[in-house]
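For reference, the structure is listed below as structure tokens.
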Amino acid sequence: MSIGGVERGSAGGILIRDGAVLAPEGWWKPGYVYLEQGKVRAAGAGDPPPALVEVAGRVLSARGKAVLPGVINAHTHFSQVLMRGLAGGRPLVQWLKELIWPLQSALTPEEMRLAALVGLVENLHCGVTHVVQHHKVVRGPAFTDAVCRAAQTVGLRMTLARSWADMGANPEPADAILDDLRRLYREWHQPGRLEIANGPISTWRCSVDTMQKTHALAGEFGAPTHIHVAETQEEVEMTLELFGRRPVDWLESIGVLDQRTQVVHAVWLEEGEKQRLAERGATVVHCPVSNMVLGSGIAPVADFLRKGVRVLLGTDGPASNDTQDIWETLKAAVGLARVANLDPTLLPPAQALRLITGGRTVQEGAPADIILVNLRHARAVPVHDLDSALTLCTHGSDVDTVIVDGRILMEESRVLVIDEPALLEEAESALRHLRRRLGWE
């Protein structure tokens with residue numbers, strides 16, 4: 001006999017009960033979820049059937065908590081974990097040239113490993129179960145491999161977009177870029193778990209030929225192309241000077257604008273460019289906190305959504321945010337959209353929440369990537385509306401439990417997969433060594 005698709009003879013699953021569950025039709029208050037073998041095997045409103053309680057290996061109480069799919073951080077740079085607090089009042093290009101690029105060039109593979117581990121643990125604390133790492137330190141395979149191993153250690157799903165630039169300062173040969181991407185697809189690409197993506201750094205540092213070849217290579221594996229686009233007015237001008245076209249128009253003209261294209265930032269776009277994003281099915285990754293910290297501008301998110309463009313949120317790297325709290329990013333996205341348009345009706349909470357869930361809900365057959373978010377605290381009580389409480393009242397520190405692929409990675413805010421205090425101490429020591437090598441101490 002089966003209960004909600006769960007056989008009576010099975011055992012060892014995780015039953016979550018008594019919480020508010022985000023279901024396809026709205027919130028079950030309360031509801032239950034049963035996870036087994038990496039999938040949601042049963043879910044429903046009210047109390048779980050007694051037989052389901054009987055077969056569960058673990059029962060987690062979600063009283064006072066929201067139960068929803070793990071959230072997505074669609075853009076970050078783990079190398080910048082060792083660079084927090086260095087935005088320093090500089091605009092983007094100056095900040096990159098004076099601080100970020102020199103620091104990245106000084107990192108060792110071991111420092112990259114530590115930075116990735118801390119960055120992954122920070123995302124874990126915020127309830128992120130899928131993170132997109134735009135990986136910039138590519139001086140050798142050891143750096144990229146260190147990040148992939150770190151993701152395996154922590155247990156989050158990760159897309160690693162292998163960054164490259166074959167124009168401008170320190171260009172990388174096109175053959176070397178393609179060879180390393182092939183190696184990464186061969187050695188690390190695991191769809192749905194640890195995916196490799198094409199990660200050209202920006203429109204003004206990448207040649208037409210290499211853009212086309214890397215996008216085609218990614219397509220062979222069903223992988224995206226993830227690229228910074230029109231983050232600042234200066235970048236738009238540089239793209240115009242190089243190619244005679246605005247950034248999105250240039251991507252379209254060379255055949256690199258389609259459903260696999262992830263356009264990061266998209267702050268300074270003209271009306272026609274927004275429309276082309278919608279027509280081609282591209283995704284925009286909005287990074288509002290980073291855009292504010294660097295004074296880059298406000299992306300026209302309301303326009304994107306009106307035109308049907310898919311929008312996800314990213315924290316961007318810790319050197320320009322300076323955290324990876326996706327809930328802070330969510331609230332900032334709502335506030336910026338409303339103030340930019342002087343319209344308080346834009347991005348209502350239920351719609352806003354989809355920017356970090358990707359529109360996913362808890363339902364049978366879905367991956368067992370579930371988070372429990374505590375709403376019984378002074379910043380949220382009383383909870384009149386669950387979507388509003390999550391969108392406007394939640395911090396990353398409110399995430400209580402994180403489950404990925406049916407495995408509990410964090411419970412009661414305690415990370416179970418790594419010794420977090422020891423990791424943080426090791427990272428602080430590594431930063432001191434890095435600063436001494438740079439002559440900063």
**Complete:** Selection from the range 222-246 of residues surrounded by fewer than 16 Cβ atoms within 10 Å (Cβ to Cβ) and either within 28 Å of residue 369 (Cβ to Cβ) or of a type in the set (Ser, Thr, Tyr) (or both) yields 222
**Request:** Name every residue in the range 417-432 that is free of Cβ contacts under 8 Å to residues at least 12 places away in the same chain and either of a type in the set (S, T, N, Q) or part of a helix (DSSP H, G or I) (or both), in order of residue number.
**Result:** 421, 422, 425, 428, 429, 432
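Check every one of the helices (runs of 4 or more DSSP H) wholly within the range 177-254 and list those with 2 or more residues that are assigned by TED's automatic domain parsing to the domain that holds residue 282 and touching a residue at least 60 places away in the same chain (Cβ under 8 Å). Give the derivation first.
On the way: elements: 208-220, 233-243, 247-253.
Correct list: 233-243.
How many residues does the range 389-426 contain that are among the small types (Gly, Ala, Ser) and buried (at least 17 other Cβ atoms within 10 Å of the Cβ)? Step through it out loud before you land on a result.
In the first step, residues of the range 389-426 are kept if they are among the small types (Gly, Ala, Ser); the result is 389, 396-397, 406, 413, 422.
Within this subset, residues satisfying the condition of being buried (at least 17 other Cβ atoms within 10 Å of the Cβ) are 389, 396, 406.
Adding up the residues that qualify gives 3.
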**Prompt:** Only one residue in 437, 414 is within 29 Å of residue 104 (Cβ to Cβ) and either of a type in the set (Lys, Arg) or at pLDDT below 95 (or both), so which one is that?
**Reply:** 437
**Message:** Taking the condition of being aromatic (Phe, Trp, Tyr) and closer than 24 Å to residue 221 by Cα, how many residues in the range 251-272 meet it?
**Reply:** 0
**Prompt:** Quick one: which of 342, 346 is surrounded by fewer than 16 Cβ atoms within 10 Å (Cβ to Cβ) and without any contact (Cβ under 8 Å) to a residue 60 or more places away in the chain?
**Reply:** 342
**Complete:** Scanning the range 349-370 for residues that are without any contact (Cβ under 8 Å) to a residue 40 or more places away in the chain, out of contact with any Gly (no Cβ under 9 Å at 6 or more places or on another chain) and among the small types (Gly, Ala, Ser), the one farthest from residue 314 (Cα to Cα) turns out to be 359
**Message:** Need the failing condition index for residue 258 against (1) outside any loop (DSSP other than H, G, I, E, B); (2) within 25 Å of residue 158 (Cβ to Cβ), just the number.
**Reply:** (1)
**Those residues of the range 282-305 which are closer than 15 Å to residue 269 by Cβ and over 18 Å from the mean Cα position of the chain (by Cα), in sequence order** = 296, 297, 298, 300, 302, 303, 304, 305
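Can you confirm whether residue 203 is buried (at least 24 other Cβ atoms within 10 Å of the Cβ) and among the hydroxyl-bearing types (Ser, Thr, Tyr)? Explain how you work it out, then say what you get.
Details: buried (at least 24 other Cβ atoms within 10 Å of the Cβ): yes; among the hydroxyl-bearing types (Ser, Thr, Tyr): yes.
In short, yes.
For (1) hydroxyl-bearing (Ser, Thr, Tyr); (2) within 18 Å of residue 92 (Cβ to Cβ), each residue gets a yes or a no:
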residue	(1), (2)
229	no, yes
233	no, yes
255	no, no
261	yes, no
269	no, yes
278	no, no
281	no, no
287	no, yes
293	no, yes
**Complete:** residue 351: passes all of (1) modelled with pLDDT of 95 or more; (2) not assigned by TED's automatic domain parsing to the domain that holds residue 116 but (2)
**Prompt:** Could you count how many residues in the range 327-363 are of a type in the set (Lys, Arg) and farther than 15 Å from residue 305 by Cβ?
**Reply:** 2
**Request:** Starting from the range 372-396, keep only residues that are touching a residue at least 40 places away in the same chain (Cβ under 8 Å) and of a type in the set (Gly, Ala, Ser), then list their pairs with residues that are assigned to a loop (DSSP other than H, G, I, E, B) and surrounded by fewer than 17 Cβ atoms within 10 Å (Cβ to Cβ) whose Cβ atoms are within a distance under 6 Å, requiring at least 6 positions of separation or different chains.
**Result:** 389/383
**Message:** I'd like to verify a number: residues in the range 151-166 that are in contact (Cβ under 8 Å) with a residue 60 or more places away in the chain and either at negative phi or touching a helix residue (DSSP H, G or I) at 6+ places or on another chain (Cβ under 6 Å) (or both), how many?
**Reply:** 6
**Prompt:** If only one of 317, 358, 335, 308 is surrounded by fewer than 23 Cβ atoms within 10 Å (Cβ to Cβ) and within 12 Å of the chain's Cα centre (by Cα), which one is it?
**Reply:** 358
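The values are calculated or read from the model by the stated rules, or taken from the named source; none is laboratory data. For clarity, every value in this text was computed on a predicted model and none was experimentally measured. Reconstructed Cβ throughout: ideal geometry from the backbone, glycine too, with neighbour counts over all protein chains shown.
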